[in-house]
Amino acid sequence: MRATHPLDRPALSALTTRQTHLAVTDGPALRFDPAYALFAAVTGDIPDWAALQRLARATGPLALFEANAPEPPGFEPIDHVPCLQMTCDALTAGGRAVEVEALTDADGPEMLALATLTRPGPFLEKTHLLGPFVGVRHEGRLVAMAGERLSLPGHGEVSGVCTHPDWRGQGLAGALMRIVTSRILERGDTAFLHARAAHVETTAFYETLGFRPRALIDYRVLAAVGPG
């Protein structure tokens, strides 16, 4: 379970640093408040899976999000998505300019509806509060958005990138990603993101913005089983 880089276990790194205020714990097991995210982890070189199982029983299904995420005892799998982790230290030139607005908690229901329609990745009731989000509106309707999710020292994650099907093909996703990424870089962090490893076209698009592949990261959703 020893990681050689904080991005090898990004959820653990976030939960024990910049986002520790959102952690729910049971001894060495910790997870995000389940209204925000499913990500969980176990500290220590020898993982205490019983503690993680207790935490899952108390709070619901959770997800390991790390390189070579194991299938721990006492759980049944719900989902497994191999992801490609990509990082960016400098954006490429180009991109279109768009008029954006900062999204707030009041926009939460509309953001959740857009994410539910487009399925950019796990997006729950309070995911929009994990970091700042920006969006594009047309006649008052939210048609595209992007923001930040995991935050740890030296790194900020670009996430929640989605565009309504009626507005795709206009460069909105790229424009919003450039804005979010530039803000991460301006504060001195490296930007990173995760994409389904099987989505080759998506990862190729991210490369045009300046992101480069770093590692394979497992997203493994689990539910506790057996006697409680």
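From 175, 195, which residue is open to solvent by less than 70 Å² (accessible area, probe 1.4 Å), small (Gly, Ala, Ser), touching a residue at least 40 places away in the same chain (Cβ under 8 Å) and assigned to a strand (DSSP E or B)? Break it down stepwise before answering.
Numbers: 175 fails: assigned to a strand (DSSP E or B).
Going through 175, 195 in turn, the sole match is 195.
Do we find a residue being within 20 Å of the chain's Cα centre (by Cα), farther than 24 Å from residue 153 by Cα and either loosely packed, with under 13 Cβ neighbours inside 10 Å or not acidic (Asp, Glu) (or both) anywhere in segment 61-73?
Residues of segment 61-73 that are within 20 Å of the chain's Cα centre (by Cα), as a first pass: 61-70.
If we keep only those that are farther than 24 Å from residue 153 by Cα as well, we get 61, 70.
Narrowing the set further to residues that are either loosely packed, with under 13 Cβ neighbours inside 10 Å or not acidic (Asp, Glu) (or both) leaves 61, 70.
Taking every residue of segment 61-73 in turn, at least one turns out to be within 20 Å of the chain's Cα centre (by Cα), farther than 24 Å from residue 153 by Cα and either loosely packed, with under 13 Cβ neighbours inside 10 Å or not acidic (Asp, Glu) (or both).
Are any of the residues in segment 82-97 without any contact (Cβ under 8 Å) to a residue 40 or more places away in the chain, over 20 Å from residue 165 (Cβ atoms) and open to solvent by 30 Å² or more (accessible area, probe 1.4 Å)?
Taking segment 82-97 first, the residues without any contact (Cβ under 8 Å) to a residue 40 or more places away in the chain are 93-94.
Imposing the further condition that a residue be over 20 Å from residue 165 (Cβ atoms) reduces the set to 93-94.
If we keep only those that are open to solvent by 30 Å² or more (accessible area, probe 1.4 Å) as well, we get 93-94.
Within segment 82-97 (the criterion being without any contact (Cβ under 8 Å) to a residue 40 or more places away in the chain, over 20 Å from residue 165 (Cβ atoms) and open to solvent by 30 Å² or more (accessible area, probe 1.4 Å)), the answer is yes, since at least one residue qualifies.
In the set 149, 214, which member is farther than 18 Å from residue 90 by Cβ and in contact with a helix residue (DSSP H, G or I) (Cβ under 9 Å, 6 or more places away or on another chain)?
Numbers: 214 fails: farther than 18 Å from residue 90 by Cβ.
149 is the lone residue from the list that is farther than 18 Å from residue 90 by Cβ and in contact with a helix residue (DSSP H, G or I) (Cβ under 9 Å, 6 or more places away or on another chain).
Does segment 14-52 hold any residues that are open to solvent by 40 Å² or more (accessible area, probe 1.4 Å) and either free of Cβ contacts under 8 Å to residues at least 12 places away in the same chain or assigned to a helix (DSSP H, G or I) (or both), and which are they?
Answer for segment 14-52, where residues must be open to solvent by 40 Å² or more (accessible area, probe 1.4 Å) and either free of Cβ contacts under 8 Å to residues at least 12 places away in the same chain or assigned to a helix (DSSP H, G or I) (or both): 20, 21, 49, 50.
In segment 122-134, how many residues are part of a helix (DSSP H, G or I) and in contact with a Gly (Cβ under 6 Å, 6 or more places away or on another chain)?
So the answer is 1.
Got a number for residues in segment 32-50 being in contact with a helix residue (DSSP H, G or I) (Cβ under 6 Å, 6 or more places away or on another chain) and not aliphatic (A, V, I, L, M)?
So the answer is 5.
Based on this model, can you work out whether residue 118 counts as open to solvent by 60 Å² or more (accessible area, probe 1.4 Å), over 15 Å from residue 182 (Cα atoms) and polar (S, T, N, Q)? Lay out the reasoning, then the answer.
Numbers: open to solvent by 60 Å² or more (accessible area, probe 1.4 Å): no; over 15 Å from residue 182 (Cα atoms): yes; polar (S, T, N, Q): yes.
No: the conditions fail for residue 118.
Taking the stated definitions as given, is residue 137 open to solvent by 30 Å² or more (accessible area, probe 1.4 Å) and in a strand (DSSP E or B)?
yes
Can you spot a residue in segment 55-70 that is β-branched (Val, Ile, Thr) and part of a helix (DSSP H, G or I)? Before you say what the answer is, go through the steps one by one.
Initial filter on segment 55-70 (β-branched (Val, Ile, Thr)): 59.
Those left that are additionally part of a helix (DSSP H, G or I): 59.
Scanning segment 55-70 turns up at least one residue that is β-branched (Val, Ile, Thr) and part of a helix (DSSP H, G or I).
The values are calculated or read from the model by the stated rules, or taken from the named source; none is laboratory data. Please read these numbers as outputs of a predicted model, since none were measured by experiment. Heads up, the Cβs are rebuilt from the backbone with ideal geometry, glycines too, and the neighbour counts pull from every protein chain shown. Quick note on the areas: whole protein, heavy atoms, side chains included, nothing else; ligands and nucleic acids left out. Shrake-Rupley method; radii C 1.70, N 1.55, O 1.52, S 1.80 Å.
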